[in-house]
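Throughout, read-outs are computed from the coordinates displayed, never taken from laboratory work. No experiment lies behind these values; they were computed from the predicted model shown. Every residue, glycine as well, gets a Cβ built from its backbone with ideal geometry; the counts of neighbours run over all protein chains shown.
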Amino acid sequence: MILVLGLVGFTMLMLVLEWIRADMVALLVVVVIGLTGLLPPDRVFNGFAGNAVIAIIAIMIMGAGLDRAGVLNLTAHFVVRMSRGAESRLSLVINMVASAFSSVIPSQALAALMIPVSSRLSARTGVPLSRLLLPMAFCILAATNTTLIANSSLIVLNDLIASANANLLPGAHTIPKFGLFSVTPVGLALALVGIAYFYFFGRKLLPGHEDERLKVTPGRTESYFAETYGIGGETAELTVTAESPLVGMSIGEVEQLHEAPLILAIKSGNDARMAPPADHVIWVGSILGVLGPRDQLNQFANNQLCRLSPRMRQLGELFNPTRAGISEVVIPPSSRFIKQTVKELRLRKRFGISVLAVTRGDQVFRDDVRGVSLRAGDTVVLHSNWRDLALAAEDKDLVVVTDIPKDEQRPGKIWQAVGFFLMAQGLALFTNLDLSISMMAGAIAMLLSGVLNMDEAYRAVNWKTVFVIACLIPLGWSMDATGTAAWIAQEVLQHLGGAAPWVLQVCLAVLTLLFSQVMSNVGATVMMVPVAISVAVATGGNPSAYALVVAVSSSNTFLLSSGHPALMMITGPGGYRGKDFLRVGLPLTALVLVVTLLAINLMFR
């Protein structure tokens, strides 16, 4: 028990401080469980083969298939048509659509899909993006408890219940598992609460600052990037003459010169490319595609003995706005780019992408941007070919906020994508198949029909999430197998005495939602569900109700931007501050807590 509690404390500390990556922490925990014999050797890695993990992988693949088939593009057209440009209706329709999709698409993936949709809608209607993203993300989290399809905590719940059943005393009634739509009444109630909350109180609670940064949607106009990041001026060609001191210098050295413009492309001989790497050497006759104010470009050309041409004669095709341009991306919490500097990432050499600026909260980094170490939630301004950007985004290390032209969309496969997705839900609902088999049947059907190919399916899976879930599930099993959960439950009962059941449930829910603010919702669920079941058994309560209170409360993470990956992703594009989350999230947290307890107790009375 002491060892298990030590592992729980270590896991919580590491997930909060982020000294070690979350997936590495989870893998370390599961290895320690095996080395110390807390679980039999044949059970240590069973989390990887668990129904929860396989179902989550399949759901990620199907979500990518729906996006690739153009379901989200149709959604944008539908929202515009239904809202007719009015801000109140626009926000309402976006929140309703996001709530509906959140029942079938994981929260982080849905947020990544809906940010460009919201950006497009903001551009078409003129409604500031800051008044759309936060309600959308909060409604996703409130409505994610509608089914067991998209919520990792609810998917893991059945595996934790199976572990609890294995450790019940002989003769005790086993705890029934939850079906695909067993939690729907609770989820619908919370979805309605989220939608109604922002419909009636959104205008009063949402950020009141509507500065220039938030009035123009990312990527829509040159003025947006000039006003927000100081990235302005015009593109031009610089031809390097034989007398120019630039001959023999590298791109990186030129960029360090006083008043140097942004170098976005280069042509040497017949070889032209975007985003030349820093070590690329400039020779006589090289043509540089540069960006900057006209006076700065003229001055730089005179000082460096170059010929300046305002017309893009040699590089015009590279700068065609249908093929390339400036865009914004957000660094998600699962990105491998976190804690690496722009220089270390070598984005020019790897992807042909130039980093122009990085914004973090109210800070904008323009000078020496290559030395900036990236963090989760940072917004990065790039110049690139759209196809190169799409390729870079496929590994999920960055999320494109700007609505850019996308390649490889398959609108002709939309009916196959929707049909196979509905088939998977039907198998889960109307047959005795496990959720993992039902969801994987839908995923493999999409692959066989060409909605996705295998490489795209592999890229659609967030392997960090998979490892964290698969490795933390055995920690929950260890709490059951060693009696740790029962001991904690006894301590709770000793201090609360003969408290009413609703008091116990409130305590469990509050502890869970507080844990979820600083660690993953799956981690909080894994740690608290065994305790909740033990408390219910000891007090004669319904274990299913207590376990569901914990699982649902783990998604009640509205207080901090770091409380959930979906919230971290909207912070930069929406220009939100910490006080915005507290002002909007605190009343919603209390409201969701009350509705959760009422709905669950009514369902299990």
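Brief remarks on what is shown
- In a simple Cβ point-charge model (Lys, Arg +1; Asp, Glu -1; nothing else charged), the range 218-402 has a dipole of about 440 debye relative to its Cα centre.
- Legend: P(r) of the range 356-491 from all alpha carbon pair distances, 5 Å bins from 0, whole percents, reading 2, 8, 11, 12, 13, 13, 11, 10, 10, 7, 4, 1, 0.
- All Cα-Cα separations within the range 562-605 were binned at 10 Å from zero, giving a P(r) of 23, 38, 24, 14, 1, each value a whole percent of the pairs.
- Rounded to the nearest 10 degrees, the angle from helix 87-102 to the longest Cα principal axis of the chain is 60 degrees.
- Along the range 581-589 the Karplus relation, 6.51 cos²θ - 1.76 cosθ + 1.60 evaluated at θ = phi - 60°, assigns HN-Hα couplings of 5, 5, 5, 7, x, 5, x, 5, 4 Hz to successive residues, with x for each Gly and Pro.
- Counting Cα-Cα pairs of the range 218-402 in 10 Å increments starting at 0 gives whole-percent bin shares of 9, 39, 36, 14, 1.
- Dipole of the range 218-402 [Lys/Arg +1, Asp/Glu -1 at C-beta], most positive-end residue of Pro310, Gly233, Thr379: Thr379
- Highest average packing first - 31-44, 259-272, 461-474, Cβ atoms within 10 Å: 461-474, 259-272, 31-44
- For the pair Asn432 and Thr174, the difference between a 0.36 nm per residue extended length and the Cα-Cα distance amounts to 91.0 nm.
- Pairs of Cα atoms nearer than 8 Å and 6+ residues apart set the relative contact order; for the chain it is 21 percent.
- Taking Rg and Dmax of the Cα atoms in Å as calculated from this structure, the corresponding entry among [x] 36.4, 121; [y] 24.6, 78; [z] 26.3, 93 is [z].
- Converting phi to 3J(HN,Hα) with the Karplus coefficients 6.51, -1.76 and 1.60 and the offset θ = phi - 60°, the range 592-605 yields 5, 4, 5, 5, 4, 5, 5, 5, 5, 5, 5, 6, 10, 6 Hz in sequence order, with x at every glycine or proline.
- Residues of the range 16-45 with amide N under 19 Å of a point placed 7 Å along Cα→Cβ from Ser373: 16-25
- Positive-pole candidate from Val247, Met62, Ala357, dipole of the chain, charges at beta carbon: Met62
- Between Ala49 and Trp487, the C-beta separation translates, for a Förster distance of 22 Å, into a calculated FRET efficiency of about 0.15.
- Helix-only [θ]222 nm of the chain, DSSP H runs n ≥ 4, -39500 (n - 2.57) each, per residue, nearest 500: -18500 deg cm²/dmol
- Crossing angle, helix 152-166 versus the chain [Cα axis fit, 0-90 degrees, rounded to tens]: 30 degrees
- The label-point distance for Glu253 and Asn320, in a model that sets each label 7 Å from Cα toward Cβ, rounds to 3.5 nm.
- In degrees, nearest ten, helix 414-430 long axis to first principal axis of the chain (Cα): 10 degrees
- Dipole magnitude of the chain, debye to nearest 20 (Cβ charges: Lys/Arg +1, Asp/Glu -1, about Cα centre): 980 debye
- Taking 7 Å steps out from each Cα toward its Cβ at Phe604 and Arg307 produces label points 8.0 nm apart.
- Whole-Hz couplings from phi, Karplus 6.51/-1.76/1.60, listed for the range 432-440; x for Gly and Pro: 8, 5, 5, 4, 4, 5, 4, 5, 5
- For the range 91-110 and the range 548-567, distance of Cα centres in Å: 15 Å
- The modelled label-to-label distance between Tyr199 and Ala242, using points 7 Å beyond Cα along the C-beta direction, is 7.6 nm.
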